[in-house]
Amino acid sequence: MSWTWTITRASAAKSDFPTAMKSFLASLSLLLCATLATAADFDWKTRFPQGLVDEAGKTVDLASLKGKTVAVYCSAHWCPPCRAFTPQLVKFANEHKAQLAVVFISFDQSQEKMFGYMKEAKMPWSAVPFKSAGGQAIAKEQGVTGIPTLLVYGQDGQLLTKNGRDLAGLEKLLGK
């Protein structure tokens, strides 16, 4: 009887193979869709809880980051290497604005100096509010000990590289 049951079970499994495969593929498809939706719907509020501002201090909608690679730029006007790198990043960001959003974390000594630097350098991106807890948390979490630093996050909010200043490497990341 056991042998008959095994044969019957195997026969049933063979006849149900197309149904089982369809079920498996449907499950796999749902899983893939859920994963892609999660990546596209990453809530940047978790990284920038105080939101973002433009060079005039006006609120910028976090939705502007959706579907883009996000580069977090730690910099300051008083820093000569920062002032040398910023024009290169401005040009790069303008050329890749469909794929890349840059968010500025200022290490300047005052909010006025931060906004002045943004205007002077014609930064086409937003910033975390001056000395915001979110900006400080990102810098601490990623071990930022020197500036300029460019941290690059994928659309899913996961860190891709701490070496975003390598613009050729960043371009390859964007090309994926």
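The values are calculated or read from the model by the stated rules, or taken from the named source; none is laboratory data. This structure is a prediction, so every number in the text was calculated from the model and none was measured. FYI the Cβ positions are ideal-geometry reconstructions off the backbone, even for glycines, and counts take in every protein chain you see.
Side notes on the structure shown:
- Matching option when the condition is surrounded by fewer than 16 Cβ atoms within 10 Å (Cβ to Cβ) and in contact with a strand residue (DSSP E or B) (Cβ under 7 Å, 6 or more places away or on another chain), among T69, T59: T59
- Scope the stretch 51-103; condition in a loop (DSSP other than H, G, I, E, B), closer than 21 Å to A133 by Cα and aliphatic (A, V, I, L, M); matching residues: A56, A76
- Checking T69 against (1) within 20 Å of the chain's Cα centre (by Cα); (2) without any contact (Cβ under 8 Å) to a residue 24 or more places away in the chain, the condition it does not meet: (2)
- Considering (1) at pLDDT 95 or above; (2) surrounded by 12 or more Cβ atoms within 10 Å (Cβ to Cβ), the lone condition that P80 does not fulfil carries the number (2).
- Matching residues, the stretch 104-130, being in a loop (DSSP other than H, G, I, E, B), among the acidic types (D, E) and over 24 Å from W44 (Cα atoms): none
- Of all the residues in the stretch 131-166, those that are part of a helix (DSSP H, G or I) and buried (at least 18 other Cβ atoms within 10 Å of the Cβ) number 4.
- Taking the stretch 72-113 as the range and being more than 17 Å from the chain's Cα centre (by Cα) and among the hydrophobic types (A, V, I, L, M, F, W, C) as the test, the residues that pass are A76, W78, C79, C82, A84, F85, V90, F107.
- The condition (being of a type outside the set (V, I, T), over 15 Å from the mean Cα position of the chain (by Cα) and either on the phi > 0 side of the Ramachandran plot or not assigned by TED's automatic domain parsing to the domain that holds A56 (or both)) is satisfied by just one residue among G143, G169, G116: G143.
- Any chance S126 is surrounded by 19 or more Cβ atoms within 10 Å (Cβ to Cβ) and either out of contact with any helix residue (DSSP H, G or I) (no Cβ under 7 Å at 6 or more places or on another chain) or more than 17 Å from D61 (Cβ to Cβ) (or both): yes
- Cross-chain or 6+ apart pairs with Cβ under 8 Å, the stretch 85-100 first and closer than 12 Å to A71 by Cα, then outside any helix (DSSP H, G or I) and aromatic (F, W, Y): L89/Y73; A93/W125
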